[in-house]
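Here's the structure, in structure tokens; my notes come after.
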Amino acid sequence: MLIDPTPWLEALDGSDDAQRKEATLRLGGLSPLDDVDVLPISQGLRSSNEKVAFWSAIALGCLGDRARPVVSSLLNTAREHHAFGVRQACIAALGKLASLDLEARACVFTALSDSSPFVRREALQVISGLRTLEAEEIYQIRKLAADSDEAVARWSEIALRETRDGK
């Protein structure tokens, strides 16, 4: 029987500090083995409450491939959410799926142009786990070696080193 995560998501929007903390622990502690309904969590990505959207992205990342049916929600939120932390969490969640499909991969590479260095860095961390890169992807990563954020520039070097084709 699927566990309904709706009460956890509602607690994030509530005024009870203990319930909010418990909700973050439950959502952030999920694993692919947990029989949790992913649909309410994916709907949380559209919440006007940034905490709900953020923890929904974290939870979907924790669920790994169990989140594959709702990957389009992660993609949309990664592209459109106004809060960089939510975009960053969505990129991280996409990286935890066993394999990036073409649309997810394109979303991660688009995140290399994000206005937030935190999102760019997260995208590079996801990319560093890829085994192969196209020439255009290598070019995009190499451009970030001159990024104004020192950590992004460093991660561009790591991403190229960690992937076989980046050399």
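The values are calculated or read from the model by the stated rules, or taken from the named source; none is laboratory data. It should be emphasised that the depicted structure is a prediction, and the values quoted were computed from it without experimental measurement. Cβ: placed from backbone, ideal geometry, glycine included. Neighbour counts: every protein chain shown.
Quick notes on this one:
- Count of the stretch 21-42 residues, restricted to those that are touching a residue at least 24 places away in the same chain (Cβ under 8 Å) and surrounded by 12 or more Cβ atoms within 10 Å (Cβ to Cβ), is 14.
- Taking the stretch 132-150 as the range and being surrounded by 13 or more Cβ atoms within 10 Å (Cβ to Cβ), in a helix (DSSP H, G or I) and among the aliphatic types (A, V, I, L, M) as the test, the residues that pass are ILE138, ILE141, LEU144, ALA145.
- The residue that is farthest from ALA23 (Cα to Cα), among those in the stretch 70-83 that are assigned to a helix (DSSP H, G or I) and among the small types (Gly, Ala, Ser), is SER72.
- Residues satisfying the stated conditions in the stretch 48-66, i.e. over 12 Å from SER31 (Cβ atoms) and of a type in the set (Gly, Ala, Ser): SER48, ALA53, SER56, ALA57
- Evaluated against (1) touching a strand residue (DSSP E or B) at 6+ places or on another chain (Cβ under 8 Å); (2) free of Cβ contacts under 8 Å to residues at least 24 places away in the same chain; (3) not aromatic (Phe, Trp, Tyr), LEU63 falls short on exactly one condition, (2).
- Scan of the stretch 18-69 for residues that are more than 12 Å from the chain's Cα centre (by Cα) and part of a loop (DSSP other than H, G, I, E, B), ordered by number: GLY29, LEU30, SER31, PRO32, LEU33, ASP34, ASP35, ASP37, ARG46, SER47, SER48, ASN49
- Residue tally, condition acidic (Asp, Glu) and within 19 Å of VAL70 (Cβ to Cβ), over the stretch 11-49: 3
- Of the numbered criteria (1) in a helix (DSSP H, G or I); (2) of a type in the set (A, V, I, L, M, F, W, C); (3) surrounded by fewer than 23 Cβ atoms within 10 Å (Cβ to Cβ); (4) under 12 Å from the mean Cα position of the chain (by Cα), the one ALA106 fails is (4).
- Residue within the stretch 100-111 that is over 26 Å from ASP147 (Cα atoms) and of a type outside the set (S, T, N, Q) present: yes
- Residue in the stretch 87-104 that is touching a Leu at 6+ places or on another chain (Cβ under 8 Å), of a type in the set (A, V, I, L, M) and closer than 20 Å to SER47 by Cβ present: yes
- Residue in the stretch 45-64 that is of a type in the set (A, V, I, L, M, F, W, C), over 22 Å from LEU112 (Cα atoms) and surrounded by fewer than 19 Cβ atoms within 10 Å (Cβ to Cβ) present: no
- Evaluating ARG87 against the criteria (1) touching a Ser or Thr at 6+ places or on another chain (Cβ under 8 Å); (2) of a type in the set (Lys, Arg); (3) at pLDDT below 95 leaves one unmet condition, (3).
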